[in-house]
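What follows is a single structure, and I will ask about it in a moment.
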Amino acid sequence: DWKDKKSICNKFAQTSSVTCLCWPAGRPNELVFGLAEGKVKVGQLKSNKASTLYQTESFVVAMCAGPDGNCLLTGHLDGSIYRFSFETESLPRPVSAKIAQVQQSVPYALSWGYVGIVAAGNDRTVRFWDAEGANGQTFDHASDPQIKEFTCAAFNPTGESVVLGNFNRFFVYAWHQRNREWSEVLQKEIPNLYTITALAWRADGSRLIVGSLCGGVDMFDVCIRRARYRGTHEFTYVSTSQVIVKSLATGARIVLKSNVGFEISKINIFQERFLVATTTESLLLGDLQTCRLSEIPWTPTGSEKFFFDNPSVCMIYKSGELSLVEYGCNEVLACARTEHMSPHLISVRIGDAEDMDHVSPNGGDPKVIAYLLDLMTIRVCDLVSSQTLATVSHDNRIDWLELNPIVANRLLFRDKRRQLYLYDIKTQSKITLLNYCNYVQWVPDSEVVVAQNRNQLCVWYSINAPDRVTLHEIKGDIDDIERAKGRTCVIVDEGVNMVEYELDEGLISFGACLERQAYAMAVDLLEELPMTPETEAMWRTLADACMDNFNLPVAERCFAVLGDVSKSRYLHKVNGIIQEHAAEVGGDGTHYYMAQAKMAVLAKQFQRAEAILLDNNELDEALSMYQELHKYDESIRLAERKNHPKVMNLKQFYLQWLVSTQQEEKAGELLETEGDYPRAIELYLRGGMAAKAASVVNRNAAGYSQELLHRILGALQQCGLYDRAGELYHRMGLVQPAMDAYRKGHAYRQAIELAKQVNPALVVALEDEWGDWLVSQRQVDAAINHYIEAGNSTKAIDAAMSARQWHKAEQLLDQASIGADPSFALPFYERLASHYA
C-alpha cells in the first residue's frame, strides 16, 4: 500500500553522479544505471552490491530496456549508442557492443520497441534502426524553427508506435506492417506545455502520460478507433494488433493482442463470454470470464464453425477436421478427423490442476476426448500424449455420448434403440444400464448419473455399483440438472409447470431419520457434514420438525448451529421452565401450560397463548405478555374485557409510549376514540397531519378555540390543502377567506356553490376562471361547458377547436355570429375551413 510508511531497502553509493537508470522486465533483481563518468553499472538487489557492466569515455545521457527484458541501450554525450545483452539460455555470456554513432547530436530521446530502435536529440532529427542496429529511416525537422531538441521517447506496449517529446509538442511515429516503413502520423502541439521531460504508456496502450518541465502531468487517450458490438461490448483499437474489449454491462476489460503483431481484422463474441478474432495468419480465442487468451497459427477461410459447449476448450470444425484449443495456450491441443460434429457426439474433459488424484495415463492433469469415428464406433484419446485410450465398437448407431466430468475414465453412451451403456475405459468393459432411456446426464462436477426410463427417474449415486439405482416416479420429462449453491436438482417438465427433484445421499439418510423421528440421530448425521447451504437447509428442516413435535432441546441445538441466537436463547429459557416444572411435579414437563404459552408466542399464535394463560387464571401474565411484545392495544382490550382495575393506567402508559416513540397518529386516534378531540387535534398537528385534524373538526361539532382552528387553517395552507381550508373557513362563517382558499386550491365547484349562496354575481367569473384552469391542465374538453356557462363565446369556440370537436365549435360559432361583427367570426371560419379542406 503506497499510503504505508516507506523505507529504503537498497542503497548503491557511487563516486559519480547517476544520470539515468532502467529496470529490465526480465531482470527483477537487477537495476541498471548510468554515471556521468561513462560507466554503466548494475545494482544487485539481493546482495545490495553494484558492479560495472561496461565502461565508456562519454557521459551517459539516456538509457532504455529492450522489449525482451534481457537487454538495454545507452546513449552517450558523444553521440554513440551501445547495446548490452544479459546472459540468457540462448546467450551463454553477457555481450556489449556499439551499434550506432550519431554525428553532431546527443541522443537524449532513446527507446527500443519490438519493431526497432529510435533515437533523437539536439539536431532535431529522428533516426530509426532495426533491432540489430542497421540504419533505417530518418526524419529531419531542422528546417522548422518551432521544433526544438528532442528530450525523451517511449514505444507503446505493442512496439508499433513511438512518441517523442519536444518543446510544447510531441511527435507520434507508426510502423506500417505492409509497407515495412515508419511514418509520422501525428504532431500534437500543446501551447505553454514547455519541454516534455517524461513519457510513459499504460500497460494496455490505451493511455499516454506526459510530464513537462514545469511539473505538469497530462494523460492522453490513445486509440485508432472505437466500435460497438451489438450494444453489449466496446472495442478500442489501440493499435492494429491490440484491441481492448470492454463489457458495457459490467465494465470488465480484457486486452486482445496478437503476440506476433498481425493486424486484427475481425472480432466476434459468442454467448456473451467467448471471444474469437482473426488476423491474416492467426486466430485469437479468449474467455472473457476467466481472461484467458490463446493465439494459434491459422489461415481463416470463413468456413470454420466454433463450438463453446466446454468452458475450458474451444472446438473448431473445418473441412471434416476438429481442432481443440485450450484457453490460455498458444497452440492447438489436439486434432481429430470426424464427420459427426455435434455437442452430443463429442465430449472433452480437461482436469483441474489442483486435484492431484486425477491424472491422465502420461501423468499430469487428465485431458481426454471422446468422439465418433463413424456412426457405430467411438474413439477415446488422451489429448496430452495423443494415444488412443479406447475404441468402442457398437452394433447400432450412437446418438449421445459423454465422459464422466472429473476423472474421465468412464463413458456413457446411448444408441438409436434408446439403450444406455456404461463403458469403463480402464477395464475396457461395457455394461447395460437401461434398456430404454429418454434422458441421461452426468451431474455437473460429480460421478453421479441421472437418467429417465419412461416415468421413472433413475439416480446412480455410486456408479461403481451400477446395480444400485435409486428410482423416483415422475410425471413428465427431465428438462435439465441444476447444481448451484450446494443444491442439486433435477428439473422435470410436467407440462403445466416445472418441478424440481433434489438429489443428495445425505438428504436421503437425513429424511429417513426424520420419518422415524430419530432427531438425535439426525443431529449426529448433520454434525458430520460440513456447513454448506444444503446442510443449513437440513438443519432448518430438522428445527421445524422438532418445533412441531415439541422436541425443544434438539430445536435449541439446531437454531444455535444456524446462528439464530435470539431463538436459541428463547428456547433455552423455555427448556429451563420445563426442567424446573418437571423437577417439581415430575413427568417430562412438556405439557406445562407456561411452556405451551411461551411456544405459542414463539409461533406468533398470540390468541392461543392468551387462551392458554386465561384458562389457567393467569390474567396478569397475559397482560405482561402483550406488554413485552409492545402490543399495548391488545393489553388494553383484554383488561377492559376482564374489567381489570388498572385499565386507565394501561391507557395512560400506552399514550405516553406512543408520544415518546413519535407515533402521534395512533396517539391521536386513541384520544379521538376517548372523545378528547382538542388533544387529538394537537397530536395530529404535531405529527404534521393537518387533514386528519380538520376531519376531527368536521366530524365532531365540539367547541374549539379560535386559536386552535387558526392553527389548523395555517397547517392546511402550509400543506397546500386549500380546499380543506376553505371548508373549514366556511364552517367558521368566514365567507371571503373561504372563497379565496377555494380559488387558490382550484376547488371551483365548492367556490361556485358558495358564490350561489352569498354572491351570485361572482359565478360567471368563477366559471370563466375554472375554464382557464382546465385549459392550463390540458383538459380542454371539460373547459368548453364552463366557458359557455360564463358566456365567453370566444374562449368556448377556441376550446372546442383545440379539443377537435369541430361540430360543436361550428354550432357555437353559428350562435355567436348572430348579431355580431363579421370580423369576429372570420378567423374561426378560416380554421374550420382549413380543417374540412
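The values are calculated or read from the model by the stated rules, or taken from the named source; none is laboratory data. Keep in mind that what you see is a predicted model, and the values were worked out from it rather than measured. Quick reminder, even Gly has a Cβ in these numbers, built from the backbone with ideal geometry, and neighbours come from all protein chains shown. Please note that ligands, DNA and RNA were not included when accessible areas were found on the heavy atoms of the full protein model with its side chains. Shrake-Rupley method; radii C 1.70, N 1.55, O 1.52, S 1.80 Å.
Which of the residues that make up the range 565-605 are under 43 Å from the mean Cα position of the chain (by Cα) and surrounded by fewer than 17 Cβ atoms within 10 Å (Cβ to Cβ)?
Residues satisfying the conditions are Val565, Ser566, Arg569, His572, Leu602, Ala603, Lys604, Gln605.
For the condition buried (at least 20 other Cβ atoms within 10 Å of the Cβ), modelled with pLDDT of 70 or more, more than 30 Å from Arg804 (Cβ to Cβ) and not polar (S, T, N, Q), what is the one hit in Ala738, Ala751, Ala761? Talk me through it step by step, then tell me what you get.
Working: Ala751 fails: more than 30 Å from Arg804 (Cβ to Cβ); Ala761 fails: buried (at least 20 other Cβ atoms within 10 Å of the Cβ).
Step by step, each of Ala738, Ala751, Ala761 is checked, and only Ala738 is buried (at least 20 other Cβ atoms within 10 Å of the Cβ), modelled with pLDDT of 70 or more, more than 30 Å from Arg804 (Cβ to Cβ) and not polar (S, T, N, Q).
Check the range 70-82 and report whether any residue there is open to solvent by less than 50 Å² (accessible area, probe 1.4 Å), hydroxyl-bearing (Ser, Thr, Tyr) and closer than 20 Å to Gly159 by Cβ.
yes
Suppose we keep only residues that are open to solvent by 30 Å² or more (accessible area, probe 1.4 Å) and touching a strand residue (DSSP E or B) at 6+ places or on another chain (Cβ under 7 Å) within the range 100-111. Which one would you say is modelled with the highest pLDDT?
Tyr108
Determine whether the range 740-756 contains at least one residue that is of a type in the set (S, T, N, Q) and either out of contact with any Gly (no Cβ under 8 Å at 6 or more places or on another chain) or on the phi > 0 side of the Ramachandran plot (or both). Please lay out each step first, then the result.
Restricting attention to the range 740-756, the residues satisfying the condition of being of a type in the set (S, T, N, Q) are 750.
After this cut, where a residue has to be either out of contact with any Gly (no Cβ under 8 Å at 6 or more places or on another chain) or on the phi > 0 side of the Ramachandran plot (or both) as well, the list is none.
The answer is no, given that none of the residues of the range 740-756 is of a type in the set (S, T, N, Q) and either out of contact with any Gly (no Cβ under 8 Å at 6 or more places or on another chain) or on the phi > 0 side of the Ramachandran plot (or both).
Can you pull out the strands (runs of 3 or more DSSP E) entirely within the range 1-116 that have at least 2 residues that are hydroxyl-bearing (Ser, Thr, Tyr) and within 25 Å of Thr151 (Cβ to Cβ)?
Result: 80-85.
Oh, and also: Determine whether the range 803-826 contains at least one residue that is of a type in the set (A, V, I, L, M), open to solvent by less than 20 Å² (accessible area, probe 1.4 Å) and modelled with pLDDT of 80 or more.
Looking through the range 803-826, none of the residues is of a type in the set (A, V, I, L, M), open to solvent by less than 20 Å² (accessible area, probe 1.4 Å) and modelled with pLDDT of 80 or more.
Among the residues that make up the range 766-779, is at least one of them hydrophobic (A, V, I, L, M, F, W, C), over 56 Å from the mean Cα position of the chain (by Cα) and under 21 Å from Ala738 (Cβ atoms)?
Taking every residue of the range 766-779 in turn, at least one turns out to be hydrophobic (A, V, I, L, M, F, W, C), over 56 Å from the mean Cα position of the chain (by Cα) and under 21 Å from Ala738 (Cβ atoms).
Residue pairs, Cβ under 7 Å, 6 or more apart or interchain, first in the range 36-52 and over 14 Å from Tyr82 (Cβ atoms), second open to solvent by less than 50 Å² (accessible area, probe 1.4 Å) and among the basic types (Lys, Arg). List them.
As it stands, the answer is Ala50/Lys41; Ser51/Lys41, since those pairs meet every condition given.
Inside the range 516-545, can you point out the residues that are at pLDDT below 80, closer than 23 Å to Ala603 by Cβ and open to solvent by less than 70 Å² (accessible area, probe 1.4 Å)?
Ala537, Met538, Thr541 - these are the residues of the range 516-545 that are at pLDDT below 80, closer than 23 Å to Ala603 by Cβ and open to solvent by less than 70 Å² (accessible area, probe 1.4 Å).
Quick one: in the range 375-399, which of the residues that are over 26 Å from Cys437 (Cβ atoms) and in contact (Cβ under 8 Å) with a residue 40 or more places away in the chain is least open to solvent (accessible area, probe 1.4 Å)? It would help to see each step written out before you state the result.
The initial filter retains those residues of the range 375-399 that are over 26 Å from Cys437 (Cβ atoms), namely 382-388.
Keeping just the survivors that are in contact (Cβ under 8 Å) with a residue 40 or more places away in the chain gives 383, 386.
Details: Leu383: 10, Ser386: 92 Å².
Looking at residues that are over 26 Å from Cys437 (Cβ atoms) and in contact (Cβ under 8 Å) with a residue 40 or more places away in the chain, I get Leu383.
So, one more: How about the range 83-98: which of its residues are surrounded by fewer than 16 Cβ atoms within 10 Å (Cβ to Cβ) and closer than 19 Å to Gln55 by Cα?
Glu87, Arg93, Pro94, Val95, Ala97, Lys98
For the range 124-143, name all the residues that are over 29 Å from Gln177 (Cβ atoms) and in contact (Cβ under 8 Å) with a residue 12 or more places away in the chain. Spell out the reasoning first.
Start the filter on the range 124-143 by keeping residues that are over 29 Å from Gln177 (Cβ atoms), which leaves 142-143.
Of everything in the range 124-143, just one residue is over 29 Å from Gln177 (Cβ atoms) and in contact (Cβ under 8 Å) with a residue 12 or more places away in the chain, namely Ala142.
Among the residues of the range 119-139, how many are acidic (Asp, Glu) and either touching a His at 6+ places or on another chain (Cβ under 8 Å) or open to solvent by 40 Å² or more (accessible area, probe 1.4 Å) (or both)?
Step one: list which residues in the range 119-139 are acidic (Asp, Glu), which gives 123, 130, 132.
So of that shortlist, the ones also either touching a His at 6+ places or on another chain (Cβ under 8 Å) or open to solvent by 40 Å² or more (accessible area, probe 1.4 Å) (or both) come out as 130, 132.
The total comes to 2.
Okay, next question. Please report, ordered by residue number, the strands (runs of 3 or more DSSP E) entirely within the range 409-493 with at least 3 residues that are surrounded by fewer than 19 Cβ atoms within 10 Å (Cβ to Cβ).
By residue number, 429-434, 470-473, 477-484, 487-493.
Name, by its number, the condition in (1) more than 24 Å from Cys20 (Cα to Cα); (2) touching a Gly at 6+ places or on another chain (Cβ under 7 Å); (3) open to solvent by 70 Å² or more (accessible area, probe 1.4 Å); (4) not basic (Lys, Arg) that does not hold for Thr197.
Here Thr197 clears every test but (1).
Something else about it: Taking the conditions exactly as written (assigned to a loop (DSSP other than H, G, I, E, B) and either charged (D, E, K, R) or at pLDDT below 90 (or both)), does Gly205 satisfy them or not?
When the stated conditions are applied, Gly205 passes them.
Now, a different point. Does the range 747-764 contain at least one residue that is within 25 Å of Ala825 (Cβ to Cβ) and in contact (Cβ under 8 Å) with a residue 24 or more places away in the chain?
yes
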